[in-house]
Amino acid sequence: MNYRHAFHAGSFVDVFKHAVLARILVYLGRKETPFRFLDTHAGAGRYDLTSAEARRSPEWRDGVARLLTASPPEPVAALLRPYLPAIGPQGANGAPASYPGSPAIAQAILRADDRIALCEAHPEEHAKLVSAMGHDRRLAIVATDGFAALNAWLPPKERRGLVLIDPPFETSDEMARVEEALARALRKWPTGVYALWRPIREPAQDAHVLNSIAALGAPDILRLEIDVGPGAVGPHGQRPLARTGLLVVNPPHTLMDEARILLPWLTKLLARDGRGAHVCEWLTPPR
């Protein structure tokens with residue numbers, strides 16, 4: 001599948017992914033020593049929700065717009081607090097004019113001594129990323145293949161941090177490349193935190209992916225998923241994505257309990273059928 005982000009910015013996928021991403025970054029920031037955030041497919045940094053792409057597929061209306069008008073109970077509100085300010089200003093109607101990508105989420109949360117390494121190979125997206133992120137001494141932005149950059153970046157000199165592997169899945173071999181990159185990364189930096197995003201369309205195909213990732217032999221892989229139910233068939237004959245997931249290797253010890261609070265509430269908020277489903281379990285058992 002092709003998951004070019006400009007068409008999907010602010011969707012239920014982003015709300016799920018970025019709420020979890022923020023929790024990991026907050027946890028890493030609890031220690032005084034600096035850490036590094038590495039993003040292999042950084043995208044444009046921030047997305048205009050009035051653009052032609054966003055108007056063609058206004059998925060943000062059933063994603064971040066629902067979140068911004070919700071009244072979560074305090075345990076959920078506390079977990080969302082670091083994420084929400086990164087979304088940015090809202091118009092008179094309460095809707096945001098733009099939506100942040102993962103780099104902008106990290107930029108809003110990381111401290112002065114932490115570092116951000118971003119990779120975006122697409123020339124137009126890279127130019128937008130540089131413009132969106134602005135001048136920030138914490139930043140390093142490169143225009144090259146994200147998997148090659150990851151191999152060169154690891155291990156980071158801080159020896160602490162999070163790697164987000166979040167490709168657009170434009171080619172049929174993308175997941176195989178993800179698996180190879182993760183295996184190589186774990187050999188070079190086995191103690192790092194890795195978050196692997198994946199769209200889920202075919203259960204049998206996804207079961208193969210899960211088996212392949214589990215077979216890498218890493219303990220402590222947390223499986224988080226959200227399913228918002230089927231949507232209406234689009235103009236090109238394809239149903240919108242209904243299910244997505246994150247696999248988190250070496251997750252913060254707090255993340256399982258936080259996900260058990262966040263995911264049921266997010267699922268109910270974002271579900272198309274009013275119910276939805278979620279997964280919060282270990283793919284490989286903790287040490």
In order through region 209-224: 3J(HN,Hα) via Karplus (6.51 cos²θ - 1.76 cosθ + 1.60), integer Hz, x for Gly, Pro: 4, 4, 5, 5, 5, 4, 5, 5, x, 7, x, 6, 10, 9, 9, 10
Amide H within-cut-off set for A70, under 5 Å, with H built and near neighbours excluded: none
Contour excess over end-to-end distance, with Cα ends at E158 and D173 and 0.36 nm allotted per residue: 2.2 nm
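Explain nothing, just the number: dipole magnitude of region 5-284 about its Cα centre with +1 on each Lys and Arg Cβ and -1 on each Asp and Glu Cβ, in debye rounded to the nearest 20. List each step's numbers first, then the result.
On the way: 32 positive and 31 negative charges, 115 e Å.
In total the dipole reaches around 560 debye.
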Region 128-149 versus region 215-282: alpha-carbon centroid distance in Å: 28
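Kindly provide the helix-only [θ] at 222 nm of the chain, computed as the sum of -39,500 (n - 2.57) over DSSP H runs of four or more divided by all residues, to the nearest 500 deg cm²/dmol?
-11000 deg cm²/dmol
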3J(HN,Hα) from dihedral phi, region 28-35, Karplus parametrisation 6.51/-1.76/1.60, rounded to Hz, x for glycine, proline: 4, x, 6, 8, 5, 5, x, 9
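Relative contact order for the chain: what is it in percent, counting Cα pairs under 8 Å that are at least 6 residues apart?
Working: 523 pairs, mean separation 61.7, N = 287.
Relative contact order comes out at 22 percent.
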Read-out Cα extents along the principal axes in Å, derived from the coordinates shown; its label in (1) 54, 43, 31; (2) 56, 50, 31; (3) 45, 43, 40: (3)
3J(HN,Hα) from dihedral phi, region 141-155, Karplus parametrisation 6.51/-1.76/1.60, rounded to Hz, x for glycine, proline: 10, 10, 10, 7, 4, x, 6, 5, 5, 4, 4, 6, 7, 9, x
Gaussian network model of the chain, Cα within-10 Å springs - most flexible of D62, D113, D220: D113
Other-chain or far-sequence residues with amide H under 5 Å of V163's (modelled H): L38, V193, Y194, A195
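A short reminder: the numbers here are calculations on the coordinates, not readings from a lab. On a predicted model such as this, the values are computed, not experimentally measured, just so you know. Note: ideal-geometry Cβ built from the backbone for every residue, glycine included; neighbour counts use all protein chains shown.
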